[in-house]
Structures are given as C-alpha cells and as structure tokens.
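Below is one structure, written out as structure tokens; the observations come after it.
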Amino acid sequence: MIPKVLTPLEQLLEGFVFEKINIGHSGAGVWRCTRDLETWFVKADQNTQAIRAEAERLTWFGHQALPVPKRIAHLEHDRTAFLVTQALQGTDASQSLEPRETVVALAQSLKMLHSTNIGTCPFDRRLEVVLPQAQHNLERGEVDETDFDDKRLGIPAAVLLEQLHQTRPKHEDLVLTHGDFCLPNIILQGNRVTGFIDLGRAGMADRHQDLALMIRSFEHELNPHFHGLSNVFIEAYGMTLDPDKLEYYQMLDEFF
C-alpha cells in the first residue's frame with residue numbers, strides 16, 4: 001500500500017512496493033520503491049525550494065553527461081514537494097569493504113567532477129551567495145547547535161557565523177562542486193563510482209567545499225574503516241590542499 005504522504009503520486013507509483021529509508025539529516029522522507037526489476041527513489045519534503053533545487057540540478061548534471069540519477073518526476077502538491085528518481089546501480093560508498101581502493105576511486109571521480117566546464121553552470125554557490133543563506137538559516141532557527149562537529153560543539157552558532165565572516169578566504173578556486181560530497185552520497189559498484197546523489201547544494205564553489213566534507217566523512221565515527229585514509233585521498237586527488245580552507249568549509253557546513 002502506498003504511504004499516505006505519497007498519495008499525490010499514486011498513479012505514477014502504481015504496483016510499486018515501498019520501503020522507508022531512515023538515513024541522512026535532510027529532514028526529507030525517502031522511500032525505495034521496487035516493481036519487478038525496476039527501482040526508484042522518492043523524496044518528499046515540505047521544503048519545496050530544496051526539492052526544486054535538487055530537481056533542477058539533476059537535469060543540468062544529466063545534460064553534462066555526469067553520472068547522476070535519472071529524474072522521473074518532480075511534483076509540488078499541497079505545500080509538499082516530491083522528487084522521483086531512478087536508482088543507480090550499486091551501494092553507497094560508506095558500505096565499502098575495500099576502503100583504500102574506494103578512497104582512490106572517490107578522489108578520481110571528484111577530479112572528474114571538478115574538471116567540468118562551469119561556463120554555463122547556472123548554480124552559484126560562491127561565498128557571497130552562501131554566507132547570506134547561512135545567516136538566513138540561523139535566523140529561522142534551522143541551525144542545530146547540538147549536531148555540530150566535536151571541535152565546535154558548545155560554540156554558539158552566532159559566534160561561528162562571525163568567524164566565517166572574519167576568516168573568509170580572499171580567493172575562491174571555483175569549480176563545479178557536489179556541495180555535500182560525503183560517503184553516503186556517492187554510489188559505487190565494486191570500486192567504480194556509478195554516480196552522485198543528493199545534489200541540492202551543487203554548483204560553482206571553491207573545490208575545498210567538496211574536499212573538506214569528504215575528509216570529514218572519512219573520520220566520522222560511523223565510518224571507522226575509513227579512519228586514517230585522508231592522505232591517500234589527497235594524494236590520489238593530486239593537489240596540495242589549504243588546511244585553513246578545509247577548516248573553513250567544514251565550519252560553514254554546520255549551517256546547512
């Protein structure tokens with residue numbers, strides 16, 4: 001039986017079996033839907049703007065021949081937005097049983113993403129755009145101070161926001177970024193990256209946006225088999241990183 005919240009999609013989802021997915025921190029409801037050999041994912045969220053942003057990015061990324069899920073449908077009904085996508089082949093990178101090989105594959109896939117021509121990219125995630133959004137999220141009470149990384153736990157969000165303004169990098173090395181490049185958002189089949197998911201924050205930004213979040217993901221308590229592999233990742237990416245920028249973009253992420 002179709003979940004009640006998904007009834008606006010009832011005709012589209014006829015014959016599917018539904019499994020609620022309880023992962024991530026986005027606040028959206030996510031279901032895996034299967035019918036015969038077909039698998040779709042449905043995301044439902046009252047944050048219609050976030051769903052719209054992800055749907056638009058899926059379409060644009062697909063036109064760039066980047067590995068992202070095929071967009072099946074995007075619908076807004078009664079203050080709720082729905083996004084239906086075709087499942088990618090594989091499992092998320094956090095489930096890898098060969099972490100060292102996976103880390104190299106992730107670095108190579110990120111190099112490919114960052115080499116994409118941004119001349120026609122319509123999605124601006126430069127600091128001049130993102131810092132006001134951080135302020136907006138703080139004012140709306142959407143910043144969870146209890147979920148900060150350990151090094152920032154206990155520091156008021158307003159203090160962190162002031163630090164972001166005071167330590168803002170003078171130069172942004174702009175590339176096409178995923179925006180939330182962490183282990184659960186990269187799909188692997190074996191040690192081959194088959195695609196990127198959760199693209200709602202993708203766009204033009206400093207490359208350290210992606211590098212910082214993946215390095216943090218390696219050291220997360222939920223990913224103990226990846227601990228200590230950040231240097232392997234950095235070496236495979238093939239560039240000397242700015243430690244101040246890594247810290248900056250991890251701090252910025254507390255607001256999203």
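None of the figures in this text is laboratory data; all of them are computed from the coordinates on show. Predicted model, so just to flag it, every value in this text is computed and none were measured. Note: ideal-geometry Cβ built from the backbone for every residue, glycine included; neighbour counts use all protein chains shown.
Screening K151 with (1) among the basic types (K, R); (2) touching a helix residue (DSSP H, G or I) at 6+ places or on another chain (Cβ under 7 Å); (3) assigned to a helix (DSSP H, G or I) gives one miss only, at (2). The residues of region 197-215 include none that are part of a strand (DSSP E or B) and polar (S, T, N, Q).
Could you grab me the full set of residues in region 80-99 that are part of a helix (DSSP H, G or I) and surrounded by fewer than 15 Cβ atoms within 10 Å (Cβ to Cβ)?
Q95
Within region 44-59, if we keep just the residues that are among the charged types (D, E, K, R) and over 14 Å from the mean Cα position of the chain (by Cα), the residue that is surrounded by the most Cβ atoms within 10 Å (Cβ to Cβ) turns out to be D45. Set side by side, the residues T91, T48 differ, and just one is under 26 Å from W31 (Cα atoms), among the β-branched types (V, I, T) and out of contact with any strand residue (DSSP E or B) (no Cβ under 6 Å at 6 or more places or on another chain), which is T91.
It is to be established whether one or more residues within region 63-74 are in a helix (DSSP H, G or I) and surrounded by 14 or more Cβ atoms within 10 Å (Cβ to Cβ). Among the residues of region 63-74, not one is in a helix (DSSP H, G or I) and surrounded by 14 or more Cβ atoms within 10 Å (Cβ to Cβ), which makes the answer no.
A quick yes/no check of all residues on (1) among the aliphatic types (A, V, I, L, M); (2) free of Cβ contacts under 8 Å to residues at least 60 places away in the same chain; (3) touching a His at 6+ places or on another chain (Cβ under 8 Å):
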| position | (1), (2), (3) |
| --- | --- |
| E142 | no, yes, no |
| T146 | no, yes, no |
| V159 | yes, yes, no |
| G179 | no, yes, no |
| L188 | yes, no, no |
| G238 | no, no, no |
| D244 | no, no, no |
| F255 | no, no, no |
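Of all residues in region 227-243, those satisfying the criterion of being touching a helix residue (DSSP H, G or I) at 6+ places or on another chain (Cβ under 9 Å) and assigned to a helix (DSSP H, G or I) are S230, V232, F233, I234, E235, A236, Y237. In the set A236, A158, A205, only one residue is over 19 Å from the mean Cα position of the chain (by Cα) and within 27 Å of F61 (Cα to Cα); that residue is A236. When T146 is tested against (1) farther than 24 Å from L58 by Cβ; (2) surrounded by 15 or more Cβ atoms within 10 Å (Cβ to Cβ); (3) among the β-branched types (V, I, T), only condition (2) is not met. Consider region 100-121 and keep the residues that are exposed (fewer than 13 other Cβ atoms within 10 Å of the Cβ) and among the hydroxyl-bearing types (S, T, Y). The one that is nearest to R71 (Cα to Cα) is T120.
Filter region 31-46 for residues that are among the polar types (S, T, N, Q) and closer than 15 Å to A73 by Cα and give the result.
Keep residues of region 31-46 that are among the polar types (S, T, N, Q), which gives 34, 39, 46.
Selection gives T39 alone.
Does at least one position in region 182-196 carry a residue that is under 23 Å from L138 (Cβ atoms) and touching a helix residue (DSSP H, G or I) at 6+ places or on another chain (Cβ under 9 Å)? There is at least one residue in region 182-196 that is under 23 Å from L138 (Cβ atoms) and touching a helix residue (DSSP H, G or I) at 6+ places or on another chain (Cβ under 9 Å).
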